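Input: a single structure, listed below in structure tokens.
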């Protein structure tokens, strides 16, 4: 009888000791569930991650552009295969003679592999070989259509004038373009006296000259 009571007392002691641990586990249940669910779809996890990238990218066996980015995430297994550049990207587009024909830069960027479509957002800057400069907040570049376009505000600085509007379409070399809705045309000197910041912003594009030694195929 004494042995039974001792055994019962020992079990009660163990139960009391385990009670706080059980309460903590119950309290953390919802947190653990959220963590597990966040990893429930492995297809939405990046398959490749690279830092400080400077690389040449080919399309159909031809080198088309150079990409420079602090971070590069590749989602090849996703239902929407894509490249993601959360900290921005700098792009140089090459013509058929491998000369740089246009410069593009954005705060964040996504390349949708199936659609062969680039999306740049944030402080987006562009320039062509005529030293015409383009500023907007959102930009799309379709490789299949060989077209660059935007549906947001656009600011263009040319040698003789500055043009502003909403909506923009261009060839991918940025040499033949149109504004869908023009909101203003100003003499260059008037606008430059008001704001020289935008003039300096794009000068850094042509100063980035490091050439990558890796070639990535986007097809």
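From the Cα gyration tensor of the stretch 53-158, with a ≥ b ≥ c the square roots of its eigenvalues, which class applies: rounded if a/c is under 1.5, or else prolate if a/b is larger than b/c, or else oblate?
oblate
Roughly speaking, what is the stretch gain from residue 51 to residue 147, that is 0.36 nm per residue apart minus the C-alpha to C-alpha distance, in nm to one decimal? Present the calculation step by step, with values, prior to reporting the outcome.
Numbers: separation 96, 0.36 × 96 = 34.56 nm, distance 2.87 nm.
Result: 31.7 nm gained on full extension.
Test of understanding: extend the Cα→C-beta vector of residue 59 to 7 Å, then name every residue of the stretch 67-102 with backbone N under 14 Å from that spot.
67, 91-98, 101-102, by backbone N distance to the label point.
Could you list 91, 56 so that the one with the fewest beta carbons within 10 Å of its beta carbon is first and the one with the most is last?
56, 91
Where the Cα atoms of the stretch 84-145 are projected onto their three principal axes, how long is each span, largest first, in whole Å?
Principal extents (largest minus smallest coordinate, Cα): 28, 25, 18 Å.
Work out how much length residue 119 to residue 178 would gain on full extension: take 0.36 nm times their residue separation and subtract the Cα-Cα distance, in nm to one decimal.
19.3 nm is the gain from fully extending residue 119 to residue 178.
May I ask you to order 163-169, 131-137, 143-149 by the average number of other C-beta atoms within 10 Å around their residues, highest value first?
So the order, starting with the most tightly packed, is 131-137, 163-169, 143-149.
Bear in mind these aren't lab numbers, they're just calculated from the coordinates by the rules spelled out. All values reported here derive from a predicted model rather than from experimental measurement. Neighbour counts run over all protein chains shown; Cβ positions are idealised from the backbone, glycine included.
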